[in-house]
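Derivation of every value follows stated rules applied to the coordinates shown; laboratory data play no part. Keep in mind it's a predicted model, so treat the numbers as computed, not measured. Note that we place each Cβ from the backbone using ideal geometry, even for glycine, and neighbour counts take in every protein chain shown.
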């Protein structure tokens, strides 16, 4: 299990967000930064005795930079919570002003899609992973 404090788009191939729970989304601000408060699953571990999985999980903040053209299509009808199924990036290109490299990002969730263009991301691990029977960690007072 590889753990480090900060991950970036250079680590994309080593990362996976399947089943990571989203606690909160901060929409693009004046600096065009958007963030997600997530529980990142570093490892699934099968318990031989119970035949159930335990999870090595940490609270993290996933920041995206230079976010433009945000489109959200999420349906919360008859549902609660929001989990990531996958994050994809494609179509690297130079921005219109020729100053920034941009990717098309798509965050597939269990309730729909979040799409946007961004120059990249940084994921900050807030605490060391703990072994938990749940994929979702409780959040204390914000």
Would you work out the relative contact order for the range 29-102, in percent, from Cα pairs under 8 angstrom that are 6 or more residues apart?
-> 25 percent
Which residues in the range 44-60 place their backbone N less than 19 Å from a point set 7 Å from the Cα of residue 132 along the Cα-to-Cβ direction?
-> 44-47, 52-60
Reduced to Cα centres, the span from the range 87-142 to the range 40-72 in Å works out to 11 Å
Across 5 Å bins from 0, what is the distribution of all Cα-Cα pair distances for the range 1-86, in whole percents?
-> 3, 11, 18, 23, 19, 13, 8, 3, 2, 1, 0
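Sequence gap at least 6, Cα distance under 8 Å: using those rules, report the relative contact order of the range 6-132 to the nearest whole percent.
It comes to 30 percent, rounded to a whole number.
Sorted by average packing, counted as other Cβ atoms within 10 angstrom per residue and highest first, what order do 123-132, 57-66, 19-28 take?
Values: 123-132: 14.2, 57-66: 20.4, 19-28: 16.5.
With the highest mean Cβ count within 10 Å placed first, the list reads 57-66, 19-28, 123-132.
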If we count other beta carbons within 10 Å of each Cβ, what is the order of 140, 4, fewest first?
-> 140, 4
Extent along principal axes [Cα atoms of the range 6-55; Å; largest to smallest] = 51, 24, 15
The range 32-142 - Rg over Rh from alpha carbon coordinates, Kirkwood radius | 1.04
